[in-house]
Every structure is written in C-alpha cells, then in structure tokens.
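In what follows, a structure is listed as structure tokens, so that the remarks can point back to it.
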Amino acid sequence: MQKILFATSEAHPLIKTGGLADVASSLPRALLKRGHDVKILLPAYASVLVKAKEIGVKKIGELNITGQTISLWQTRLPSSRVTVLLVDIPQFSEREGNPYCTPEGSDWSDNHWRFFVFSKAAEAIALNQANLDWQPDIVHCNDWQTALIPALLAQHEHKPASVFTIHNLAYRGLFSYQIFTELGLPDEHWHHEKLEFYDQLSFMKGGLAFADAITTVSQSYAKEIQTPEFGCGLEGVLQSRSKDLTGVLNGIDMDEWNPGSDKLITYNYNRRTVNQKFKNKIALQEKLGLPVNESIPLLGFIGRLVEQKGVDLILGQIDKLLEQDCQLVILGSGVASYEQILKTIAQQYPDKVSVTIGYNENFAHQIEASADLFLMPSVFEPCGLNQMYSLRYGTLPIVNAVGGLRDTVFEKPFDDIGTDGNGFVFHLPTAEDLHAAILRALACYKLPDAWKKMQQNAMSQDFSWEKSAERYEEIYNGIVKI
Ligand code: ADP
C-alpha cells in the first residue's frame, strides 16, 4: 500500500475544463479500490467550495507561505471515499468561472503566483510539514500547474518520490525571467536542463527535469512528444528522459458512460440491443428540430473549439460534406471565430446542422448515444476521451492517426473487419483526408453487417481504469524510496 498525494488543478465533478479532470477523479478512485491511501490536492476555487460545502468540508490547518496565510480544507470527492484537500487563497476562492482565465478569455495575470503557492502547499504536505500527520510515499503531479512541485522537492533530502504526468504538452506554463526571480526559485534552476526554456521560465520543465518518473496518457503520444513535430520544443529534454517516460492509456468511467444504464439518454441499449440505438437519434432530431429520419447518418462532434481538435479540418470541406445525405450535431466552445463560423453554417443548413455553443455534460451523453459517427480529427491528441466514450456507445469514431486516437481506433477493410475494426482512421491532418475518411464511413453505414460488426467490436473494448491503475502502481513501486 502506498500513500499518494495526487496534485491536480481540476477533478471531476468538483471542477472540470477537460480530460485532466476525468483522470484526476477516476485514477485516485481506482487506486483507492486497490488499497492505496490517496489524497487529491486541489485549489479551493469558488465553485469547488460551494460543492464541498454540500458534501461536508472542514478546516484542517493553515500554512504560511511567503508571508501569505493559506487555509487547508478537507472534503471528499462526491460519490466516493477519496479525500480531497483544498488549498485556499483568495486568488482561487474569490474568483468564479474558469480556473485559468478571466471571463473575457485571457489567462489570469497572476496564474504563476496562484499555482506557485499551490505547489508550495504541496511541498509542505509532501514533507509532512503541514501538521497533517501524514506523509505521502509518492507525489503524483499533473500538467504545468503542478509541475514545479518536483523542482521544489528536489531541494530536500528526505522527500517522497515524484511522478509527473503530461496530459497536454502544448501548455508549457511559460513566464518571464522576472517571474522566476520574483518566485525566489533557486538560481541554479535557471538552466536549459532545468526550468529555463529559451530565456523563459517553464513550469512544465520542473516536472520533466525533476520528477523520478514521467508518464503521459498514451503510448503513441509518449513516442510523438520525443519528436520535433509534437515535442513543442521540449523533445530534447524528453529524449534525455526517455528511459523514465512511459505511456499509460487513460481509462474512462465505465459506470458514468454506460449506454445500458445512462439516465441522461432517452433509450438505454447494450451490445445485444444496439439496433435500438436509433431511438436516441430520433429523440435528438426532435429536440434539435432536425428532420426526423432514423436512416440518415448522424455525425457528432463534442469538444473544445480550438485548433488542436481539428476544427479547421472540419470547416475545410464542410460544404462538400453537407452535399452528402447526413446530419451534423456539434457541441463545444472555445475560439470565438470558430464559434461564429459554426453558428453561421448552422443557419445556412438548418436541415442538416445543429450547433450548440457551450459546455453541457448531459447533452454530451445524448450526442454520444444518438450519433452514428463521431468526428475527432484532432491535429494532436495526447489520449482523448471522447473517442472512447463513442466506442462504448457504438458510435463509430472518425479520427486522425495521432496519440491516443491511434492507440484506440482501428480501421479495417469492410470485408475483413475481424475483431479489431471499430472506426475510420486517416493519416494526414488535411481536410481532404478527413473528407475521404467520412466518405468511407458513410459508405460503410450502408452495409449493415459490416457496421454491426464494427459496433460490436467497439462496444466490447475494455477501457476500465483498473488496467491503467495497475500500470501506475507498477511505476510507483519502481520509484518509491524505502
Ligand atoms: P481535452 O482534455 O483535450 O479537452 P478529452 O477528449 O481528453 O479532450 O476530454 C474532453 C472531455 O471534456 C470529455 O469528457 C468531453 O466529453 C468533455 N467536453 C469537452 N467539451 C465539452 C462540451 N462542450 N460539453 C460537454 N462536455 C465537453
């Protein structure tokens, strides 16, 4: 049994902007089930404190960090026994909305300070200097917001082992040299093998340079980030740590995302009754005012409307796509220009396209259950969760062969689908290649036997967290200091 401090800037359902929140909730729960003593460390954002009060929260201590008093609260992850420790400073607890940006969409100007203080709190807990009478064996850090923790711990002799998980290398946590000095980070850390990145401070490098083990969220992404194409300038440091770098595919919450029992969808179905899935499509068409027709193939897209998710690829040949007999349902939010273009397209094609701008988990479940095909043409994708939800719902994904998409979606010839074929894969991130893959998918939709076989393959895959938690356990065992 290990004692694990799991430091994260989001954890579902307390706070979520993306896949990190799902991992930070599911992995600790799976580790607890395997007998580990795991505590999540999370910023006490305003919305988190509201939810924590509903569950029950108590103050368990105070820390003094660089002259600022920090309260530590303890609550629980809803519907679980996992303890959550909350780091409370006004810069977290007095701001509503997105954890990282202002309502106008720009980063909070003091993000470096907020996550530095958070990391200092983690350091104090890791060293058993927070009066909690609890010292972890492992500190598991996630993405740039927590990446300074291994660098801070490096200054101490008797410290727990550290793991750093890259959920998305593109967010490197870059700040100026002035901020490096303001934070009082040790001078010797200003070095290209440590925290310096082309004359800037990179929080992310703290994890890459100092953690005992580095993981990322799929095997393909672990390889890709060691190349200039995907390495975001960090490929050199990642190559130098390649012996310590492992790809572990994320799992999904198989209970929350279960078409057999999902209370958020109109009609429950499973592998045997997947031919009834169309009832959800009809309900969605009615709800969105699209022509109701069970035999029209419906394509879904859910996600952040940012370049990474391949929005340009979808827009690049959208008119050609909409010449086909199909419907397109989009749910997402992000870059304002993408939102605007998509809304305009929905107005131009009211019988074919529905666009909902916003973040809506219930609606995401309904789209997964209703669509026949799921578009995920990401330019890069560390792991990706939506393609796994889609597979579980028998909604065949159309993906670019990168990262976790490459590791989970496989295309086979229609007459030889075997036990692997479960979707449609293209190999160049261009609108043309995406379009060709969509045409293959629409052709396959007309072949009921092949289609059903692919749905069966998709719905048989095991994406449970147990397997992944076992891999993390092995990694912990490999680095823990006795
Ligand atoms: P990323 O973390 O890069 O955003 P992932 O596919 O790993 O991408 O995870 C995204 C998660 O956020 C999924 O659980 C997805 O369903 C959810 N999500 C993204 N955008 C929306 C939205 N607009 N409404 C509801 N859920 C969303």
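Compute the distance in nm between two label points, each set 7 Å from the Cα along the Cα-to-Cβ direction, one at Glu361 and one at Ser47.
1.0
If you take the charge dipole of the stretch 229-273 about its Cα centre, with +1 on Lys and Arg Cβ and -1 on Asp and Glu Cβ, which of Asn268, Leu245, Phe230 is farthest toward its positive end?
Asn268
Where only protein heavy atoms count, and the probe is 1.4 Å, what is the accessible area per residue for the stretch 368-482 in Å²?
Ligands and nucleic acids excluded, the figure is 37 Å² per residue.
Can you put Tyr338, Tyr393 in order of accessible area, largest first, using a 1.4 Å probe?
Sorted descending by solvent-accessible area, the residues read Tyr338, Tyr393.
Rounded to the nearest 20 Debye, what is the dipole magnitude of the stretch 2-98 about its Cα centre when Lys and Arg each give +1 and Asp and Glu each give -1 at the C-beta?
460
Show Phe175, Phe6 ordered by accessible area, largest first, where the area counts protein heavy atoms only and the probe is 1.4 Å.
Phe175, Phe6
Could you tell me which trypsin sites (Lys or Arg not before Pro) in the stretch 425-482 are loop residues by DSSP with no more than 14 other beta carbons within 10 angstrom of their beta carbon?
Listed in order of number, the matching sites are Lys446, Lys481.
Over 27 Å between C-alpha atoms is what I'm after, so list which of Lys287/Lys446; Lys309/Lys343; Lys51/Lys159; Lys39/Lys467; Lys16/Lys467; Lys446/Lys467 land there.
Correct reply: Lys51/Lys159; Lys446/Lys467.
If I model a spin label at Thr266 and Glu474 as a point 7 Å from the Cα along the Cα→Cβ vector, what separation in nanometres do I get?
The modelled label-to-label distance comes out at 4.5 nm.
On a C-alpha basis, how far is the centre of the stretch 281-295 from the centre of the stretch 36-90 in Å? Whole number, if you could?
A separation of 44 Å, based on Cα centres.
Averaging sequence separations of C-alpha pairs under 8 Å and six or more residues apart, then dividing by the length of the chain, give the relative contact order as a whole percent.
It comes to 12 percent, rounded to a whole number.
Of Ser202, Leu20, Phe278, which is farthest on the positive side of the dipole of the chain, counting Cα position, with +1 on Lys and Arg Cβ, -1 on Asp and Glu Cβ, and the Cα centre as origin?
With unit charges placed on the Cβ atoms, the residue in question is Phe278.
Summarise the accessible area of the chain (1.4 Å probe, protein heavy atoms) by the percent that is carbon and sulfur.
48
Can you pull the one-decimal nm distance between simple spin-label points at Ile179 and Lys243, each 7 Å off the Cα toward Cβ?
Calculated label separation equals 3.3 nm.
Going through the stretch 79-155, which GluC sites (Glu not before Pro) have at most 14 other Cβ atoms within 10 Å and a DSSP loop state?
Within the stretch 79-155, the qualifying GluC sites (Glu not before Pro) (loop, at most 14 other Cβ atoms within 10 Å) are Glu94, Glu96, Glu104.
Give me the net charge of Phe180's neighbourhood, meaning all other residues with Cβ under 11 Å from the Cβ of Phe180; Lys, Arg count +1, Asp, Glu -1.
Net of charged neighbours comes to -3.
Give, in nm to one decimal, the length gained when the segment between Asp255 and Ile60 is fully stretched (0.36 nm per residue of separation minus the Cα-Cα distance).
That works out to 67.0 nm of additional length.
Just by accessible area at a 1.4 angstrom probe, what is the order of Met204, Met1, Met459 from largest to smallest?
Met1, Met459, Met204
Could you report the stretch 74-180's accessible area per residue, 1.4 Å probe, as an integer in Å²?
I get 38 Å² per residue for the stretch 74-180.
The values are calculated or read from the model by the stated rules, or taken from the named source; none is laboratory data. Please read these numbers as outputs of a predicted model, since none were measured by experiment. As a convention, Cβ positions derive from the backbone with ideal geometry for all residues, glycine included, and neighbour counts pool all protein chains shown. Keep in mind that these areas ignore ligands, DNA and RNA; they rest on the heavy atoms of the full protein, side chains included. Shrake-Rupley method; radii C 1.70, N 1.55, O 1.52, S 1.80 Å.
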